[in-house]
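Before any comments, here is the structure.
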Amino acid sequence: MGVSGAPDFFYKEAQRLGYVARSAFKLLQIQKQHKLINPGSSVLDLGCAPGAWLQVACQSLGPIHSGGSVLGIDVKKLKPPPLHCDSRVRTISADVMNLSHNQLRDLSPHKNGFSVILSDMCPLVSGITTKDAALSFELGMRAVDLALGSRVCPSEEENGEGEEGVLQVGGNLIIKLLESEDAKEISHISKPFFRKSSWLRPKATRPSSREIYLICQGLKPHNANI
């Protein structure tokens with residue numbers, strides 16, 4: 001809904017096209033500009049409720065005979081929306097903060113990890129800028145940790161304590177963050193591991209929102225120079 005309470009363009013379009021939320025247009029724009037999801041992709045959607053990104057991700061896989069899969073995870077119990085989702089989409093109710101890398105990998109196709117990880121997770125905004133930014137940073141870093149595992153903390157790997165990330169080599173990662181110095185820190189941490197990284201504030205983002213998306217493309221091989 002718009003600031004005044006009247007439905008805005010994206011809200012109306014979401015209803016017209018059968019998307020469960022206006023946030024669908026954020027991923028649609030990202031997909032149009034960067035083509036992160038392709039036929040055959042294995043997609044992990046962290047914080048998938050209410051399901052709009054599940055819909056767009058499934059559409060991006062192409063016809064069902066093209067293969068691919070979408071796994072959505074959220075603390076809320078959620079069934080895949082009936083429109084734009086097919087049998088390739090499944091959801092589980094779990095707290096992303098408590099799932100281990102190995103548990104997540106076991107949920108992936110052939111237990112081989114995912115080729116695309118989407119994180120649209122966002123804290124309940126309190127209006128306190130520093131608090132909200134800190135919570136957003138925590139969720140963002142969790143997405144980075146699940147994707148890259150011990151690669152972001154080599155000392156754990158050397159001590160045999162780290163776990164391998166669940167993002168496949170060549171894979172893509174999208175993280176929603178609230179604009180802050182903390183957000184820049186996440187970009188600084190993750191950027192060396194990817195072939196390309198960029199920021200995008202989708203057109204469907206509300207004018208009052210500070211959210212922005214970090215888009216990381218092409219995970220480098222484990223032994224690549226960073």
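At-a-glance table
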item	result
Matching residues in segment 130-145 - criterion: being small (Gly, Ala, Ser) and either open to solvent by 30 Å² or more (accessible area, probe 1.4 Å) or over 11 Å from residue 183 (Cα atoms) (or both)	134, 143
Pair list, Cβ < 9 Å and 6+ apart or interchain, from segment 11-35 residues that are outside any helix (DSSP H, G or I) to residues that are among the hydroxyl-bearing types (Ser, Thr, Tyr)	21/11; 22/11; 35/60
Condition check for residue 222: open to solvent by 90 Å² or more (accessible area, probe 1.4 Å), in contact (Cβ under 8 Å) with a residue 24 or more places away in the chain, of a type outside the set (A, V, I, L, M) and over 19 Å from residue 128 (Cα atoms)	yes
Whichever residue in segment 85-126 is acidic (Asp, Glu) and part of a loop (DSSP other than H, G, I, E, B) and, among such residues, is surrounded by the most Cβ atoms within 10 Å (Cβ to Cβ)	120
Single unsatisfied condition, residue 91 versus (1) in contact with a Pro (Cβ under 8 Å, 6 or more places away or on another chain); (2) closer than 20 Å to residue 35 by Cα	(2)
Near pairs, Cβ below 7 angstrom, 6+ apart or cross-chain, from segment 54-77 (part of a loop (DSSP other than H, G, I, E, B)) to any residue that is aliphatic (A, V, I, L, M)	61/37; 68/61; 76/49
When residues of segment 27-83 are limited to those that are farther than 26 Å from residue 201 by Cβ and touching a helix residue (DSSP H, G or I) at 6+ places or on another chain (Cβ under 8 Å), the one least open to solvent (accessible area, probe 1.4 Å)	42
Enumeration of residues in segment 184-204 that are farther than 12 Å from residue 220 by Cβ and either over 16 Å from the mean Cα position of the chain (by Cα) or among the aromatic types (Phe, Trp, Tyr) (or both)	184, 185, 188, 189, 199, 203, 204
Subset tally (residues that are over 25 Å from residue 26 (Cα atoms) and touching a helix residue (DSSP H, G or I) at 6+ places or on another chain (Cβ under 9 Å)) for segment 103-128	4
Unique match (being buried (at least 18 other Cβ atoms within 10 Å of the Cβ) and either out of contact with any His (no Cβ under 8 Å at 6 or more places or on another chain) or at pLDDT below 95 (or both)) among 151, 206	151
Which listed residue, of 157, 163, is modelled with pLDDT under 90, open to solvent by 20 Å² or more (accessible area, probe 1.4 Å) and within 29 Å of residue 40 (Cβ to Cβ)	163
Residue 185 more than 30 Å from residue 14 (Cα to Cα), in a helix (DSSP H, G or I), at pLDDT below 90 and open to solvent by 30 Å² or more (accessible area, probe 1.4 Å)	no
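The values are calculated or read from the model by the stated rules, or taken from the named source; none is laboratory data. What you see is a predicted model; the values in this text were computed from it and never measured. A quick note on method: Cβ atoms are made from the backbone with ideal geometry, for glycine too, and the neighbour counts reach across all protein chains shown. For the accessible areas, the whole protein counts, side chains as well, though only heavy atoms, and no ligand, DNA or RNA atoms are used. Shrake-Rupley method; radii C 1.70, N 1.55, O 1.52, S 1.80 Å.
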